[in-house]
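For reference, the structure is listed below as structure tokens.
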Amino acid sequence: MVFIEKYSPIWQQEASYLSVREEQAQFTIGNIPQVVEQLKETEHPHLIIFEDKPVGFFLLDLDYSTKYQFGSQKAIGIRALLVDQHYQGKGIATKVIKALPSYVAKHYPDFEVMQLTVNCRNKPAYECYLKCGFADTGELYLGGPVGPQHIMQYVL
């Protein structure tokens, strides 16, 4: 079973081992515990748990709409979602992304939409988000460090 859990220091060591394939590294973050230490109060780290251990990570950004001009006023941002390279291909990302609407509605009820960007070259992630009910807005975000990104959203 796959589930979402707020990041806790008890998982710090296990989270530090999470990694993606070399060709995927440009699309996400590196050292998770280091990233978590630098987060703002409005950036909430989460772990993806499978078989009682962390196998993935993502951030829910409560201030997404003020950071990005395309952000809806009631949008929560999904950032830096990754599944460890040893657990890819098992449907974990799909299960987590499909679970996000109910998770966000329960834990963050003030938000009306989930938004994210995905690099135009990251076709597997783009297809996964589409399959899980996210819509491509048809606009591109051009401020990313590794090229244009599709702007996607899911109305809650």
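The values are calculated or read from the model by the stated rules, or taken from the named source; none is laboratory data. Model, not experiment: these values are computed from the prediction. When we count neighbours, we look across all protein chains shown, and the Cβ atoms used for this are built from the backbone with ideal geometry, even at glycine.
If you go through segment 66-87 and keep only what is of a type outside the set (D, E, K, R), touching a residue at least 40 places away in the same chain (Cβ under 8 Å) and either more than 15 Å from CYS132 (Cα to Cα) or in a loop (DSSP other than H, G, I, E, B) (or both), you end up with TYR68, PHE70, GLY71, SER72, ALA75, ALA80, LEU82, VAL83, GLN85. Here the condition is being among the aromatic types (Phe, Trp, Tyr) and surrounded by fewer than 21 Cβ atoms within 10 Å (Cβ to Cβ); of TYR64, TYR87, it holds for TYR87 alone. Taking first residues from segment 143-156 that are farther than 22 Å from PHE111 by Cβ and partners that are surrounded by 14 or more Cβ atoms within 10 Å (Cβ to Cβ) and of a type in the set (Lys, Arg), the Cβ contacts under 7 Å between residues at least 6 apart in sequence or on separate chains come to GLY147/ARG121.
Pairing each residue of segment 103-126 that is farther than 20 Å from SER72 by Cβ with any residue that is surrounded by 15 or more Cβ atoms within 10 Å (Cβ to Cβ) and of a type in the set (Ser, Thr, Tyr), provided the two are 6+ apart or on different chains, yields no C-beta distance under 7 Å.
Take the residues of segment 98-155 that are closer than 26 Å to GLN85 by Cα and either in contact with a Lys or Arg (Cβ under 6 Å, 6 or more places away or on another chain) or among the β-branched types (Val, Ile, Thr) (or both): which is surrounded by the fewest Cβ atoms within 10 Å (Cβ to Cβ)? Of everything passing the filter in segment 98-155, VAL146 is surrounded by the fewest Cβ atoms within 10 Å (Cβ to Cβ). Put simply, of ILE92, ILE48, ILE78 the only residue that is within 16 Å of ILE151 (Cα to Cα), β-branched (Val, Ile, Thr), at pLDDT 90 or above and buried (at least 18 other Cβ atoms within 10 Å of the Cβ) is ILE78.
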